[in-house]
Every structure is written in C-alpha cells, then in structure tokens.
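Before any comments, here is the structure.
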Amino acid sequence: MEIDQTALIAILALILVAALILWVLVRSRRTAALRDRFGETEYDRTVAAAGGRGKAEANLMEREKRAASLELRPLGPAERERFAGAWAAAKARFVDDPAAAVMDGDRAIGDVMLARGFPVDDFDARFESLTVEHGEVARHYRAGHDIALKQVDGKATTEDLRQAMIHYEELFDELTNEQPDRPEGAVTRPAQIDRSHV
C-alpha cells in the first residue's frame, strides 16, 4: 500500500507540531523548576542580567552544577550557639555604632557561610552558591551586602544600616537554623535569636 504525498506531508506536519509542543512543555517545566528553586527575585534578576531567558537558565543550571560539587553541611549545636552569640553582639553594637555593627554582621554571615562549606573567594561566588538552596533568602544577602559597601563609601544612612541588619538577620536565621536530616518524629529546637536591638 502506497502513502500518497498529501498524507505523508500531513504525518510529517503532525510529527513536527508534536515535537514543538513537547519542546515548549519541557522548556516551561524547566523554567518553572528554576523559578521555584532560585525564587522569583533571583530568577528575574538573572534573566535581566543575562539579557534573555535562555542564557539566564543556562547560568542557573551551571550554578546548580557548581553547588552540587560543594560539601555543604548544617551547623552543629555548639557552632550554632557560638554564631548566635556573635550575631547578638553585632546587634547589640548597633545602638552605639551602627556602621561597625553592619560590618560585624557582614563578617558573621561570612563566618557562618565558611563553616557551612560555601565558597569564600568572593561575594559573587558565595551569593550564586547560596541562591541554589536558599533562593528567596539570598536576596537579603545581596541587599545587606550592597548596603555594607555603601557604608564603606560613607554613603549609608542609619536607616540604610538598620535595613542591612534586618536583611542579614533573615539570612543568618536561615543559615544557622537549618537542621541536618533527622529521623522521623525527632524534635529539634532552633537557636533563639534576640531581635530586640534592631
């Protein structure tokens, strides 16, 4: 039995349409997964910086690969307590010296990230690694760090510095209260952070 030319063209057109639909579905699922993983804010920022969705998604997938090679770990109870003390001291210092408190907070965040296994070479490497598992909270790191840089130039107001501490605290809480995997039914108690100074 011979297939006529019209039927062959129709079959090829259906295959092409099906392939196109499949491609659109795969791409939209990948986009949704990346938006979910990195958070709307970081996804949109990366798209804007890359100049398009394709380049941005390639960048985000590369971040995932780099982050997979890191040996990230949660803090132990003693470390969590030590860092909570350092953070409380930075917040207490805010009353008398807001600029120094922000620098202390920036340093405390860096110390926590180092202890957890994040790269410490530069801000961008730390930030990009952070976005993989902590997408929405990572924006607080960028905002706090930007204010800290503004302070170095002497351009941050006291309100800016207060906002930096609030941003840093969001990230600090996320990084220090992440618990290792526990058996089902195990109870964990996050470190209590005193928020009265900011």
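Annotation: of all residues in segment 57-79 being acidic (Asp, Glu) and surrounded by 12 or more Cβ atoms within 10 Å (Cβ to Cβ), the one that is farthest from Glu178 (Cα to Cα) is Glu57. Among the residues of segment 42-97, those that are assigned to a helix (DSSP H, G or I), over 30 Å from Thr158 (Cβ atoms) and among the small types (Gly, Ala, Ser) comprise Ala48, Ala49, Ala50, Gly54, Ala56, Ala58, Ala67, Ala68, Ala78. Of all residues in segment 57-74, those being within 12 Å of the chain's Cα centre (by Cα) and hydrophobic (A, V, I, L, M, F, W, C) number 2.
For segment 47-56, check the following and say yes or no: at least one residue is under 14 Å from the mean Cα position of the chain (by Cα) and farther than 25 Å from Asn177 by Cβ. Looking through segment 47-56, none of the residues is under 14 Å from the mean Cα position of the chain (by Cα) and farther than 25 Å from Asn177 by Cβ.
Since every read-out is calculated from the coordinates, none of them should be taken as a lab result. Source: prediction; values computed, not measured. Note: ideal-geometry Cβ built from the backbone for every residue, glycine included; neighbour counts use all protein chains shown.
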